[in-house]
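Readers should treat all values here as calculations from the given coordinates under stated rules, not as data from a laboratory. What you are looking at is a predicted structure, and each value in this text was computed from that prediction instead of being measured. For neighbour counting, all protein chains shown are included, and Cβ atoms are generated from backbone atoms with ideal geometry for every residue, glycine included.
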Amino acid sequence: MDCSLALRDIRSSNAFLGRIPASEFEELLIDHGEIEQYWHEEFNKFHRVHLVVLSEAPLFGARKKYIYNPQAGASVFFNFEDYKHTFGDYGPELALDKGLRKHSLLSGLCECGVLFVDLFPLPLNDSSTVKYSQLSLQERTELFHAVSENFFRLKLKLILDKLADGALFVFRYERVREACAGLIQVELASCNIEPVRLVPKSIGDRLGTIRRDQLRDVYERAISA
């Protein structure tokens, strides 16, 4: 089923999604379609995936903030310094021209085989009626279980064709790891991906920034396997 159609069905039975007003929900679905287009355009450039960073959802909104929007600047989610510290020895240098810098960041991540994949499809942000931060651990688990079949699972099947033998999966945020690690293991197992491919610790700290040394270590393990 198309993800947007599935989300409309899920909204009728999910208490969290049901709190989103109908008009706002439809706007979020439009944003979701645009985000999907950005993701697929970037994914199509990959030849090999060594590391999959499992994220939550884009903020997007009026400024269309998203890692794979080449017109949106970098953010605390993943920025230019994160790239230089973790992947600078393995990928190309970033362009000095500000107008080209985001493009070079995406090119560098692609060349290194580092792919970001969100677990939740709707770009809830500070302007949204509800936010992912309002979810309890159990609610977050239940929501992923509800949407995974028509969202994450479809992406995982695409990634399989480009997945390197030693590829690893790692969570960007600890709150997402705590809620979804067990279900992600099930999804990986259904694709014959060994449990050890899922890194047991997330790479994010409590302030939301990336623990760069840990991310670099995970990447080096992935490419040396």
Hits among aspartates and glutamates - C-alpha to C-alpha of Lys64 under 20 Å, sequence gap 8 or more where chains match: Glu24, Glu26, Glu27, Asp31, Glu34, Glu36, Glu41, Glu42, Glu56, Asp118, Asp126
Options [x] 18.4, 56; [y] 16.9, 49; [z] 17.2, 56 for Rg and Dmax of the Cα atoms in Å; the value derived from the coordinates is listed as [y]
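Sort 140-148, 90-98 by packing, meaning the average of other beta carbons within 10 Å per residue, with the highest value first.
Ranking the peptides 140-148, 90-98 by packing returns 140-148, 90-98.
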Rounded to the nearest 0.05, what FRET efficiency do Leu160 and Leu137 have when you use their Cβ-Cβ distance and R0 = 30 Å? 0.55
DSSP-defined antiparallel bridges as percent of all bridges, the chain, nearest 5: 20 percent
Could you tell me which residue out of Pro58, Asn125, Pro92 lies farthest along the dipole of the chain toward its positive end? Charges go on the beta carbon: Lys and Arg +1, Asp and Glu -1, centred on the Cα centre. Pro92
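Rounded to the nearest 20 Debye, what is the dipole magnitude of the chain about its Cα centre when Lys and Arg each give +1 and Asp and Glu each give -1 at the C-beta?
On the way: 28 positive and 32 negative charges, 66 e Å.
Here the size comes out at about 320 debye.
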Per-residue HN-Hα couplings for the range 118-134, Karplus 6.51 cos²θ - 1.76 cosθ + 1.60 at θ = phi - 60°, whole Hz, x for Gly and Pro? 7, 9, 10, x, 8, x, 6, 9, 4, 8, 7, 4, 10, 9, 4, 5, 7
Volume per residue (Å³) of the convex hull spanned by the alpha carbons of the range 1-63 is 123 Å³
Tell me the label-point distance for the pair Asp9, Val76, using the 7 Å Cα-to-Cβ offset, in nm and rounded to one decimal. 3.8 nm
Work out the FRET efficiency for Asp217 and Glu178 from their Cβ-Cβ distance, taking R0 = 22 Å, and round it to the nearest 0.05. 0.55
Farthest towards the positive end of the dipole of the range 3-224, among Val49, Phe171, Val147 and with Cβ unit charges of +1 on Lys and Arg and -1 on Asp and Glu, lies the Cα of Phe171
Kindly flag which residue pairs out of Lys45/Lys102; Lys98/Lys155; Lys84/Lys157; Lys98/Lys162 have an alpha-carbon separation exceeding 24 Å in this structure. Lys98/Lys155; Lys84/Lys157; Lys98/Lys162
For a Förster distance of 35 Å, can you work out the FRET efficiency between the beta-carbons of Ala22 and Arg153, rounded to the nearest 0.05? 0.85
